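*Asks:* Below you will find the structure I want to go over with you.
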Amino acid sequence: MESVALVHFRHQLALKESATIGESTRQTTHRTKENPDFDNNPDRTRMSQLKKRKINKKKLLRKGSPPNPGNNAEDDFEVPIVPGPALAFLGLVSGGGAGVDTGAGAGGGGAGPSSRSMHHYHPPPYHLRRKSPTHPVSSCPANTLGAAAASVAASPTTASPAGVSAATAGLPSAATGSMLMLSPNAAITAATAYCPSMLPARKRPRRTYFTGDTSTGLGCNPFTAAHYLLYELPDEVLLTIFSCLYERDLCHVAQVCKRFYTIANDNELWKNLYQSLYEYDLPLFNPSPCKFDFVQPEDCDYENPWKESFKQLYHGVHVREGYHKPLGKECGRSVAYFETIQAAFEFCDDVERPLVLIHSGVYRGQLIVIETNIALIGAAPGNVAENVILEQECDSTVMFMEGAQQAYLGYVTIKFSPPSCTDNNMQHHHKHYALEIQENCAPTIEHCIIRSISHLGAAVSVSGPGAEPVIRHCEISDCENVGLIITDRAQGHYEDNEISRNALAGIWVKNYANPIMRRNHIHHGKDVGIFCFDGGLGYFEANDIHNNRIAGFEVKAQANPTVVRCEIHNGQTGGIYVHEQGMGQFIENKIHSNKYAGVWITSNSNPTIRRNEIYNGLQGGVYIFGEGRGLIEHNNIYGNALAGIQIRTNSDPIVRHNKIHDGQHGGIYVHEKGQGLIECNEVYANTLAGVWITTGSTPTLRRNRIHSGKQVGVYFYDNGHGLLEDNDIFNHLYSGVQIRTGSHPTIRRNKIWGGQNGGVLVYNGGLGLLEQNEIFDNAMAGVWIKTDSNPTLRRNKIYDGREAGICIFNGGRGLLEENDIFRNAQAGVLISTQSHPTQSHPNLRRNQIFDGLAAGIEITNNATATLEHNQIFNNRFGGLCLASGVNPIQRGNKIFNNHDAVEKAVSSGQCLYKISSYTSFPMHDFYRCRTCNTTERNAICVNCIKTCHNGHVVEFIRHDRFFCDCGAGTLNNQCQLQGEPTQDTDTLYDSAPPIESQSLMAEV
Ligand SMILES: [Zn+2]
Ligand SMILES: [Zn+2]
Ligand SMILES: [Zn+2]
């Protein structure tokens, strides 16, 4: 009987509501539970469903037609089905004084939810009818909230005695005409006080039938109070009353009518309710297993984010000290509270996907071993994790074991705090952790603060095959040991964690563990940032690793991680350290500002270093020591304080396609028997040599571009050897290649040009085989061979030098075979010895020396040479010019078609200086003037002797290379043969093209 009446009543209400809002209809047909909203509802409303519902609503409003109840089957969460509690609250159906008490409590304004006495199982409305009615007007003497609430409380007594069906049928109609019969003060004042902006918009329901009821003329029409309740009671009053309700009752009253629905879904109302139960500052959503997100209310798609969040968490049980109450006995609420986490666990044993909310507090000594898909989450205001603390002294604080495939732990602090004490304890704690994840489980742990003061082991241990946790947004900091150990083939995803200031490494990955780590922030550790060893693997992407006391990333003993797009910087030693047969792929990382090298590779390690930016190191860029290997390619290495790449002690890496530039030291430094294949790199703008090769090293350099250095291009010294092949070496402030002190490289097919101090400089005992190089456009000499050096030059082309082609000075020797030496601004080959104990004495065979802008070969200053089968032709100042006393060994040379431009100028009476200027020393007769008291170092040409020093006491010194000091104006007398050289002469020595020198010739 009761259910029939209720259903009927409900149906009437529903029909009425559905006419305007298009919902709250379906509950008549399929809901059976007493509270559909907050029971474990398997198909919780999702965003998509919500949106769909909104669309449905709009459609229906537009059409203005009542919806088919069946169409709304899925949008059910908003609508409670059982009106009983709502009516009970309003007094319409409450038995005894319950309704009155509630109303009075609300009217007093001081009653909290816990003080109410309502309960769920309300008697049917007709119980009330036995009570004597109270006139609504007389019970509303004032329009205060309290009075209004009192009228609400009183109103049930006016309910129609005509039975439930009559009441439900009559409610809407009675309301229409009963306005005047209400207390005018209460109704009108409340109406005017109502500010629409305070609440969601609502519509006054239209009533177009049953108006005849007012004609009864009864002062206390039984429908008047109901009408007042439904339509005229000020929203604020209803809101105040509703604010005293728990969630279930709120849902019930929401079903009464659209107005109630709107008010009962008030955001602030639900926010308060939500925060009183869950304590969170923000709505927390649980869109899928193991996923809990706080969302700013304004960023939510839900109309009432607080209510939605409330609903999503409602199946949870609470661990909250002092809140323990028997489950389900609380009126309007069905929430379980426990004193301890274990008690909650036990309760959850049979629940399918249990959720445990752990409220503020320190939970010490509670064994938390998780073997199921339980979800544990802290529940507190403010920073949730900081307020919920799990702590253990002996065993691991939280342990996940086999079976916890989809367990969740979030927003708590996990502390492992063993007493600082004896060695025994230390041994014991070695195997215990703040967080321990064993094999075959895959929990999600997020937003946790993890601390351990154990001096052994780690704060977090993930160990064993099948251990595949998701650990994200956790903070593992200030631990007295390693932050996180992943070992024994464990895997898992580790994202967005903060791992900092730990006493040992931030992370250990070992024994074939293979984690995926992204976007972690690993810094200020007192040891390495990440240490991968004993076969450890892993994929590390976009981690920020910095300010660790040792290397940022250390790899050893067959470990082979992949490290991509990480930033590894400001380490107090190196950036990446790979040793003891370590491997690894380091790709697209930024490695900078480390105190030692950006990358160290030692002791038989063989990593791949590709496409990294390695810069601003306080030492070098990449160091390969101790038989290290490695593939180092496509990196950009710059701005390091020491060498960009250093190869040492039998290391043999492949270094290719790198840019190595703007270092404060050299580009590539190979020493102590370093080797290496160094190919296709661009090495430029370094402060010292582009490439240094020394102390027994034998690298191979091929197809590199080495240029624009502030010193030498490639520098071999102290027994530096190796092969330099097919490189472009240009624009250095010193020479392109320097070879000295026992170095004996092979230098083949290179282009060496634009050196400001010559192309190739071999000196101080340097050796070397130079074959088939192009050496051109260098200032000073194309090739210098000086001070007891003895290289072999074969089939090189040495041309367009801005001074001599080859200068062999001061004990320089060398074998020069089959070279083409042409178009150089000064002598093709100049051989000299000045104040050096050893005579310069090269061997020149089968060279062609031609088209020089000065002489072909000049030999002076007690030097000598062996000249065999050379062809010397078409040089401007003569073919072979020998100073007085020089007697080279000559055999089979062909010297032809050379021009005696100097001789001709002198014969025409000009001063020698006319064609020499300051910088050129053409070979001619050298005089001095005793009358003018010129020194040994002053030379005077024969024409000046005849003219400017006519009548003076003069003497012939020798035939040699000089310019005329008389013509140059360095003597006391005034030269009478015009001092300054012609303008064209200057261009001659500034690598002038041949056509200009022809015009000079014509002029001369
Ligand atoms: Zn002169
Ligand atoms: Zn003189
Ligand atoms: Zn003169």
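*Asks:* Quick test for you: out of ILE445, ILE437, pick the one residue that is surrounded by 21 or more Cβ atoms within 10 Å (Cβ to Cβ), under 26 Å from the mean Cα position of the chain (by Cα) and closer than 22 Å to TYR363 by Cα.
*Replies:* Numbers: ILE437 fails: under 26 Å from the mean Cα position of the chain (by Cα).
Just a single option satisfies the conditions, and that option is ILE445.
This table checks each residue for (1) of a type outside the set (Lys, Arg); (2) surrounded by fewer than 22 Cβ atoms within 10 Å (Cβ to Cβ); (3) within 15 Å of HIS592 (Cβ to Cβ).
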{"site": "GLY628", "(1), (2), (3)": "yes, no, no"}
{"site": "ASN635", "(1), (2), (3)": "yes, no, yes"}
{"site": "ALA641", "(1), (2), (3)": "yes, yes, yes"}
{"site": "ILE647", "(1), (2), (3)": "yes, no, no"}
{"site": "PRO653", "(1), (2), (3)": "yes, no, no"}
{"site": "ASP662", "(1), (2), (3)": "yes, yes, yes"}
{"site": "GLY667", "(1), (2), (3)": "yes, no, no"}
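*Asks:* Further, regarding this structure: If you go through the range 902-937, how many residues are within 13 Å of ligand 1 (Cβ to nearest atom), open to solvent by less than 30 Å² (accessible area, probe 1.4 Å) and of a type in the set (S, T, N, Q)?
*Replies:* 3
*Asks:* Further question on the same structure: For SER452, are the conditions met, namely being in contact with a Pro (Cβ under 9 Å, 6 or more places away or on another chain), polar (S, T, N, Q) and crowded, with 24+ Cβ neighbours inside 10 Å?
*Replies:* On the way: in contact with a Pro (Cβ under 9 Å, 6 or more places away or on another chain): yes; polar (S, T, N, Q): yes; crowded, with 24+ Cβ neighbours inside 10 Å: yes.
Yes: the conditions hold for SER452.
*Asks:* Filter the range 412-425 down to residues that are open to solvent by 60 Å² or more (accessible area, probe 1.4 Å) and either part of a helix (DSSP H, G or I) or at pLDDT 95 or above (or both) and give me whichever is nearest to ILE370 (Cα to Cα). Before the answer, list the steps.
*Replies:* First pass over the range 412-425, keeping only residues open to solvent by 60 Å² or more (accessible area, probe 1.4 Å): 415, 419-420, 422-424.
Of the ones still in play, those that are also either part of a helix (DSSP H, G or I) or at pLDDT 95 or above (or both) are 423-424.
Details: ASP423: 30, ASN424: 28 Å.
My answer is ASN424.
*Asks:* Answer with yes or no whether CYS251 is among the hydrophobic types (A, V, I, L, M, F, W, C) and outside any helix (DSSP H, G or I).
*Replies:* Numbers: among the hydrophobic types (A, V, I, L, M, F, W, C): yes; outside any helix (DSSP H, G or I): no.
Judged against the criteria, CYS251 is not a match.
*Asks:* Right, another one. Between VAL712, VAL737, which is open to solvent by less than 30 Å² (accessible area, probe 1.4 Å) and under 19 Å from LYS797 (Cβ atoms)? Quick ask: steps written out before the conclusion?
*Replies:* Numbers: VAL712 fails: under 19 Å from LYS797 (Cβ atoms).
Just a single option satisfies the conditions, and that option is VAL737.
*Asks:* Taking the conditions exactly as written (modelled with pLDDT of 90 or more and away from ligand 2 (no atom under 13 Å from the Cβ)), does HIS924 satisfy them or not?
*Replies:* It is false that HIS924 is modelled with pLDDT of 90 or more and away from ligand 2 (no atom under 13 Å from the Cβ).
*Asks:* Could you list, in sequence order, all residues of the range 821-847 that are crowded, with 18+ Cβ neighbours inside 10 Å and in a strand (DSSP E or B)?
*Replies:* Within the range 821-847, the subset crowded, with 18+ Cβ neighbours inside 10 Å is 821-833, 836, 840-842, 844-845, 847.
Answer for the range 821-847, where residues must be crowded, with 18+ Cβ neighbours inside 10 Å and in a strand (DSSP E or B): ILE821, PHE822, VAL829, LEU830, ILE831, SER832, LEU844, ARG845.
*Asks:* Here is a follow-up. Only strands (runs of 3 or more DSSP E) wholly contained in the range 889-983 count here; list those with 2 or more residues that are more than 9 Å from ligand 3 (Cβ to nearest atom) and among the charged types (D, E, K, R).
*Replies:* On the way: elements: 889-891, 894-896, 923-929, 954-961.
So the answer is 923-929, 954-961.
*Asks:* Name the residue, out of TYR228, TYR274, that is at pLDDT 90 or above and buried (at least 23 other Cβ atoms within 10 Å of the Cβ). Spell out how you get there, then give the answer.
*Replies:* On the way: TYR228 fails: at pLDDT 90 or above.
TYR274 is the lone residue from the list that is at pLDDT 90 or above and buried (at least 23 other Cβ atoms within 10 Å of the Cβ).
*Asks:* Further question: Report every pair of residues separated by at least 6 positions or lying on different chains whose Cβ atoms are under 6 Å apart, first residue within the range 932-945 and closer than 13 Å to CYS975 by Cα and free of Cβ contacts under 8 Å to residues at least 40 places away in the same chain, second open to solvent by 40 Å² or more (accessible area, probe 1.4 Å) and within 9 Å of ligand 2 (Cβ to nearest atom).
*Replies:* ILE945/VAL954
*Asks:* All but one of (1) of a type in the set (Phe, Trp, Tyr); (2) in contact with a Lys or Arg (Cβ under 6 Å, 6 or more places away or on another chain); (3) farther than 19 Å from LEU853 by Cβ hold for TYR799; which doesn't?
*Replies:* Checking TYR799 against (1) of a type in the set (Phe, Trp, Tyr); (2) in contact with a Lys or Arg (Cβ under 6 Å, 6 or more places away or on another chain); (3) farther than 19 Å from LEU853 by Cβ, the one that fails is (3).
*Asks:* Regarding the range 252-260, can at least one residue be identified that is open to solvent by less than 40 Å² (accessible area, probe 1.4 Å), among the basic types (Lys, Arg) and touching a residue at least 60 places away in the same chain (Cβ under 8 Å)? Break it down into steps so the answer makes sense when it comes.
*Replies:* In the first step, residues of the range 252-260 are kept if they are open to solvent by less than 40 Å² (accessible area, probe 1.4 Å); the result is 252-257, 259-260.
With among the basic types (Lys, Arg) added as a condition, the list becomes 259.
Next, from what is left, pick out any that are touching a residue at least 60 places away in the same chain (Cβ under 8 Å): none.
No, the range 252-260 has no match at all.
*Asks:* Considering only the range 542-562, state which residues are of a type in the set (D, E, K, R) and under 23 Å from ARG501 (Cβ atoms).
*Replies:* Matches in the range 542-562: ASP544, ARG549, GLU554.
*Asks:* Suppose we keep only residues that are farther than 24 Å from SER832 by Cα and of a type in the set (Gly, Ala, Ser) within the range 955-976. Which one would you say is farthest from ligand 1 (Cβ to nearest atom)?
*Replies:* Out of the qualifying residues, it is GLY969.
*Asks:* Here is a further query. Considering only the range 893-901, I want to know if a residue exists there that is under 24 Å from SER840 (Cα atoms), touching a strand residue (DSSP E or B) at 6+ places or on another chain (Cβ under 6 Å) and open to solvent by 50 Å² or more (accessible area, probe 1.4 Å). If you could, list the steps in order and put the result at the bottom.
*Replies:* First, pick out the residues of the range 893-901 that are under 24 Å from SER840 (Cα atoms): 893-895.
Add one more test, that the residue is touching a strand residue (DSSP E or B) at 6+ places or on another chain (Cβ under 6 Å), and what stays is 893-895.
Filter again for open to solvent by 50 Å² or more (accessible area, probe 1.4 Å), leaving 894-895.
Yes, the range 893-901 contains at least one residue that is under 24 Å from SER840 (Cα atoms), touching a strand residue (DSSP E or B) at 6+ places or on another chain (Cβ under 6 Å) and open to solvent by 50 Å² or more (accessible area, probe 1.4 Å).
*Asks:* If you don't mind, there's one more thing I want to ask. Scan the range 952-976 for residues that are open to solvent by 20 Å² or more (accessible area, probe 1.4 Å) and under 24 Å from GLN826 (Cα atoms) and report the count.
*Replies:* Within the range 952-976, the subset open to solvent by 20 Å² or more (accessible area, probe 1.4 Å) is 952-959, 961, 963, 969-974, 976.
Pick out the ones that are also under 24 Å from GLN826 (Cα atoms) and you get 957-959, 961, 963, 969-970.
So the answer is 7.
*Asks:* How many residues does the range 933-976 contain that are more than 9 Å from ligand 2 (Cβ to nearest atom) and not small (Gly, Ala, Ser)? Write out each step before concluding.
*Replies:* Quick first cut of the range 933-976, residues more than 9 Å from ligand 2 (Cβ to nearest atom) only: 935-939, 941-943, 946-947, 955-965, 967-970, 974-976.
Pick out the ones that are also not small (Gly, Ala, Ser) and you get 935-938, 941-943, 946-947, 955-965, 970, 974-976.
The total comes to 24.
*Asks:* Across the range 682-709, what is the total count of residues that are open to solvent by 40 Å² or more (accessible area, probe 1.4 Å) and touching a Cys at 6+ places or on another chain (Cβ under 7 Å)?
*Replies:* 1
*Asks:* Tell me, which residue of the range 347-370 that is without any contact (Cβ under 8 Å) to a residue 40 or more places away in the chain, within 37 Å of the chain's Cα centre (by Cα) and farther than 11 Å from GLY316 by Cα is surrounded by the most Cβ atoms within 10 Å (Cβ to Cβ)? Full working, then the answer.
*Replies:* Of the range 347-370, the ones without any contact (Cβ under 8 Å) to a residue 40 or more places away in the chain are 347-352, 354, 362, 364-369.
After this cut, where a residue has to be within 37 Å of the chain's Cα centre (by Cα) as well, the list is 354, 362, 368-369.
Going one step further and asking which of them are farther than 11 Å from GLY316 by Cα, we end up with 362, 368-369.
Working: VAL362: 11, ILE368: 22, VAL369: 15.
So, considering only residues that are without any contact (Cβ under 8 Å) to a residue 40 or more places away in the chain, within 37 Å of the chain's Cα centre (by Cα) and farther than 11 Å from GLY316 by Cα, the one surrounded by the most Cβ atoms within 10 Å (Cβ to Cβ) is ILE368.
*Asks:* For residues that are in contact with a Leu (Cβ under 7 Å, 6 or more places away or on another chain), small (Gly, Ala, Ser) and within 23 Å of PHE310 (Cα to Cα), tally how many sit in the range 220-267.
*Replies:* The qualifying residues number 2.
*Asks:* Is the range 870-882 home to any residue that is within 60 Å of the chain's Cα centre (by Cα) and either open to solvent by less than 30 Å² (accessible area, probe 1.4 Å) or within 16 Å of ligand 2 (Cβ to nearest atom) (or both)? First the steps, then the outcome.
*Replies:* If we filter the range 870-882 for residues that are within 60 Å of the chain's Cα centre (by Cα), which is where we start, we get none.
No - not one qualifying residue is present in the range 870-882.
The values are calculated or read from the model by the stated rules, or taken from the named source; none is laboratory data. Since the model is a prediction, treat every value here as computed from it, not as a measurement. No Cβ is skipped: glycine too gets one built from the backbone with ideal geometry, and neighbour counts run over all protein chains shown. Calculation scope for accessible area: heavy atoms of the full protein, side chains included, ligands and nucleic acids excluded. Shrake-Rupley method; radii C 1.70, N 1.55, O 1.52, S 1.80 Å.
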